[in-house]
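This report concerns only the one structure given below.
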């Protein structure tokens, strides 16, 4: 790949000499590189210096300063290389910087512009990893910790700076080059946004580094306001639409937590008052042994009724939690202290081993009822108190009564599973099915101790599925809090939903990516959702030591878009789900048999509109047409809001979201599965149908051929004629049992697949 490096010079003679000497040393090793240098009327001897290097570069001396945009456009017009590299003369490239930029163009034909990481010479810190926009559409440099990006080879960003910029020469000329109306500012950002209008990606090659002597371009401050006004006028709406592209956690993902306090959970306290006043309490671990926990509750004296019971709710939830492997038991030992303005007003009995003075003063902690609510009776302090008080309760956690392990046995791996984004019901589609199956299997492994982080509303659904798994309910504020020292109680974080706000530098993370819909089919999502998914995924990939993919298709797509290498991820195929019947369950009451089945939420990429049109064609051509049964949610789908009379042709039945029993029975008695999805990271229903011997016809696209193998028949999901023809063929074949065959047995061996996840959790790669 031939390359033309173009650089524009204006004064700064000594920096220019350093830059030119770099090329004199390196150019003999780069026969594919041509150098084109221009001087914009320097007055400090740079023009004369530049001519001394005419043996390695083509030199152009401008009569007067044309400005950065026009000057580079002129040099680019003379270039012969396939790739243009715009490089400032106040930079010092590092080894391999150019190879990584060229690799992006070689492996990503859809890429428009490629930049790299730029390190400040003065601060010795990362100064540029892309350009992001605020809510007003104003650009700013993205400056995360350098270590937070090492897992991503290519990071998509809204824009980059031209201090180091790679672009195909033909594409640069197609765009018309830089807008010369900008004077030494905004021209690079403007170019990137015009490239995005052409549906081209803007990437940062994270393994390419240069040092940058960061100084403002001469005359930049004079034209700054005019440049900003022009940018706001021409690109303001587009820039503001990209404001959702933010990475708030990425900048902190590699930063060590300095908070010395381990905050484990929050509780609500309720006081007997006319207003029903409540406060949030936090549990803080005191000692490495974690046998004593410190519960601190902020109180307002005017809301307290001393001598009246204070209800601490829900203490029963606290009993299900673990403190570093120590279970809290029903029989608590409670002690209390009064504090005001940081001073202890009455010293009470504290746990053995602490350095605080001891005085026996129990707090009257007791439980009531079969579903305990813990009542705390608070005596009137004997000394004056301020209005703001802190009730501190010491809780003793007895070790859980378990069979003692052999001294030589390996300790259980403490795995924290982040399910906080999960909601009850079927809104999450197949990813919830996969996650629940994984957790059920992991929970039976004696070498793994799971703890799940959820929102309270998920407990009723998750609790019965994982009856022995500790569950930690977190409020939104606590979940997103930077005070996450309690994460030190775990060995590894598992984030199966593709995102996590839980961050700690010394806690390795195993992530899960189920698809890249926003990348491969952005037309199926709102623009805001595309940006949000991109942001979450970039953060996820940057934070995770290991990535679980649910198909080789997803693995290859990650490599293509982000440069994630094979050793950074592993494939774990979905299982045949336990919600399916092991034998044929009693047929549910319905008047439609036989029937086609399509279980899917009505998201745009699920292709319901074409399926319904194809079904109309099929029904018009069939002598004894089958019915079509649809399941899933209409919310957020392409046919949401349409009346069923117009949305559903005759013979189509909508069953909505079904529980496991009804779903399994409906599936087992289907005549065939019709699966016209435009995009799937896996496609669980295809595997379920094959397991039950139900004939399958699905899209010839994405991961579906990988899942269906030679056991399924395929059609073009964009052709209603093709879909209708496959339905006629399925009808003609009848409801014959189809053998699963070796394809299922070998490819989807659940134990073998889960073993890869267990290995990743037990031995995550070390953070570099």
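The values are calculated or read from the model by the stated rules, or taken from the named source; none is laboratory data. Model, not experiment: these values are computed from the prediction. Neighbour counts are summed over all protein chains in view; Cβ atoms, including those assigned to glycine, are modelled from backbone coordinates with ideal geometry.
Worth a mention:
- Selection status of residue 508, within 24 Å of residue 606 (Cβ to Cβ), touching a residue at least 40 places away in the same chain (Cβ under 8 Å) and touching a strand residue (DSSP E or B) at 6+ places or on another chain (Cβ under 8 Å): no
- Residue within the range 88-98 that is under 30 Å from residue 557 (Cβ atoms), modelled with pLDDT of 90 or more, within 43 Å of the chain's Cα centre (by Cα) and in a helix (DSSP H, G or I) present: yes
- Hits in the range 702-725 (condition: surrounded by fewer than 20 Cβ atoms within 10 Å (Cβ to Cβ) and within 29 Å of the chain's Cα centre (by Cα)): 705, 706
- Residues considered: 38, 45. Of these, the only one that is surrounded by 18 or more Cβ atoms within 10 Å (Cβ to Cβ), farther than 18 Å from residue 96 by Cα and either free of Cβ contacts under 8 Å to residues at least 60 places away in the same chain or not assigned by TED's automatic domain parsing to the domain that holds residue 79 (or both) is 38.
- Some residue of the range 49-60 being assigned by TED's automatic domain parsing to the domain that holds residue 190, under 25 Å from residue 116 (Cβ atoms) and part of a helix (DSSP H, G or I): yes
- Residues that are under 21 Å from residue 502 (Cα atoms) and touching a residue at least 60 places away in the same chain (Cβ under 8 Å), drawn from the range 550-572: 568
- Of the helices (runs of 4 or more DSSP H) lying entirely inside the range 425-520, the ones with 3 or more residues being at pLDDT 80 or above, outside the structural domain of residue 680 (by TED's automatic domain parsing) and within 25 Å of residue 537 (Cβ to Cβ) are found at 430-443, 517-520.
- Test: residue in the range 21-33 that is modelled with pLDDT of 90 or more, over 37 Å from the mean Cα position of the chain (by Cα) and at positive phi: no
- Failed item in (1) modelled with pLDDT under 85; (2) within 27 Å of residue 655 (Cβ to Cβ), with residue 745 passing the rest: (2)
- When the criteria are applied in full, residue 179 meets the requirement of being assigned by TED's automatic domain parsing to the domain that holds residue 108, in a loop (DSSP other than H, G, I, E, B) and either buried (at least 23 other Cβ atoms within 10 Å of the Cβ) or modelled with pLDDT of 90 or more (or both).
- Residue within the range 52-72 that is surrounded by fewer than 14 Cβ atoms within 10 Å (Cβ to Cβ) and touching a strand residue (DSSP E or B) at 6+ places or on another chain (Cβ under 7 Å) present: no
- A single member of 678, 673 is at pLDDT 90 or above, part of a loop (DSSP other than H, G, I, E, B) and in the same structural domain as residue 691 (by TED's automatic domain parsing), and it is 678.
- When the range 535-560 is filtered for residues that are in a helix (DSSP H, G or I), closer than 23 Å to residue 684 by Cβ and in contact with a strand residue (DSSP E or B) (Cβ under 8 Å, 6 or more places away or on another chain), the ones remaining, listed by number, are 537, 540, 552, 554, 555, 558.
- Looking across the range 542-558, the residues that are within 24 Å of residue 242 (Cα to Cα) and at pLDDT 90 or above come down to 557, 558.
- The residues of the range 155-164 that are within 16 Å of the chain's Cα centre (by Cα) and either closer than 13 Å to residue 140 by Cβ or buried (at least 24 other Cβ atoms within 10 Å of the Cβ) (or both), listed by number, are 155, 157.
- Boolean, residue 144 is within 22 Å of the chain's Cα centre (by Cα), more than 17 Å from residue 187 (Cβ to Cβ) and touching a residue at least 40 places away in the same chain (Cβ under 8 Å): yes
- Of all residues in the range 240-255, at least one satisfies being out of contact with any helix residue (DSSP H, G or I) (no Cβ under 9 Å at 6 or more places or on another chain), modelled with pLDDT of 75 or more and assigned by TED's automatic domain parsing to the domain that holds residue 68.
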